[in-house]
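This report refers to the structure that appears directly beneath it.
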Amino acid sequence: MHKPLYTPEQRERRDQSAWTLVQGILAPLQFLVFLVSLGLVLRYLATGEGLAWATGSVVLKTLVLYTIMITGSIWEKVVFGKYLFAEAFFWEDVFSMLVLALHTAYLGAVFFGWLDAQGQMLLALAAYATYVINAGQFLIKLRAARLQAEAERKAALEGASS
């Protein structure tokens, strides 16, 4: 049997933390900003129009990413006692560093003129590809947490009936 994602104490801290709600609000918000921005970036790459909107949307997406990463680190500290790289989310956090690096490189490219507009948009797409993978990692963990909770409820019901 695999190790549970949360100990009972960690689950209690998770469920009582306001940071859990913050993450629950920011994650879908970030995904919505991502979808709009992805459309604007693809529109620019396909037509050459809307560079300012595409650029602004990627900058906004990056700011939302920074916000969710900071608040997520606080959440991880509250639940697991570590700001990053807690055992339960180690690989998600490792991959998050790549996501952050690519988004930050995009900001550098825009603000310091390291790439032309097309290069900047392609860098944004690379950052977005890593974001999608990372979001998938977290969705898998969310599903694992739900399955763990269901198994524990089932075990408790079976224990109570015997």
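The values are calculated or read from the model by the stated rules, or taken from the named source; none is laboratory data. Bear in mind that the values here come from a model prediction, so they are computed numbers and not experimental data. So basically every Cβ, Gly included, is an ideal-geometry build from the backbone, and we count neighbours across all protein chains shown. The protein model used for the area step is the full one, side chains on, heavy atoms only, and it has no ligands, DNA or RNA in it. Shrake-Rupley method; radii C 1.70, N 1.55, O 1.52, S 1.80 Å.
Worth pointing out:
- Of the criteria (1) within 23 Å of ARG146 (Cβ to Cβ); (2) in a helix (DSSP H, G or I), which one LEU35 fails: (1)
- Check on GLY136, in a helix (DSSP H, G or I), open to solvent by less than 70 Å² (accessible area, probe 1.4 Å) and at pLDDT below 95: yes
- Residues in the range 97-128 that are assigned to a helix (DSSP H, G or I) and of a type in the set (Phe, Trp, Tyr): TYR106, PHE111, PHE112, TYR128.
- Test: PHE112 is at pLDDT 90 or above and farther than 30 Å from TYR6 by Cα: yes
- Test for LEU157: is it of a type in the set (A, V, I, L, M), open to solvent by 30 Å² or more (accessible area, probe 1.4 Å) and either in contact with a Cys (Cβ under 8 Å, 6 or more places away or on another chain) or at pLDDT 95 or above (or both): no
- Within the range 101-116, residues that are over 19 Å from TYR44 (Cα atoms) reach partners that are surrounded by 12 or more Cβ atoms within 10 Å (Cβ to Cβ) with beta carbons closer than 8 Å, at six or more positions or on different chains, in the pairs LEU102/LEU123; LEU102/ALA126; LEU102/ALA127; LEU102/THR130; THR104/THR62; ALA105/LEU123; ALA105/ALA127; GLY108/TRP114.
- A single member of LYS141, LYS77 is modelled with pLDDT under 95, within 30 Å of GLU12 (Cβ to Cβ) and either out of contact with any strand residue (DSSP E or B) (no Cβ under 8 Å at 6 or more places or on another chain) or surrounded by 15 or more Cβ atoms within 10 Å (Cβ to Cβ) (or both), and it is LYS141.
- When ALA86 is tested against (1) over 30 Å from PHE112 (Cα atoms); (2) more than 16 Å from the chain's Cα centre (by Cα), just one condition goes unmet, and that condition is (2).
- Residues that are part of a helix (DSSP H, G or I), small (Gly, Ala, Ser) and free of Cβ contacts under 8 Å to residues at least 12 places away in the same chain, drawn from the range 61-96: SER73
- Any hit, the range 106-119, residues being among the hydrophobic types (A, V, I, L, M, F, W, C), at positive phi and open to solvent by 60 Å² or more (accessible area, probe 1.4 Å): no
- Within the range 87-101, the only residue that satisfies the criterion of being of a type in the set (A, V, I, L, M), surrounded by 18 or more Cβ atoms within 10 Å (Cβ to Cβ) and more than 14 Å from VAL64 (Cα to Cα) is ALA88.
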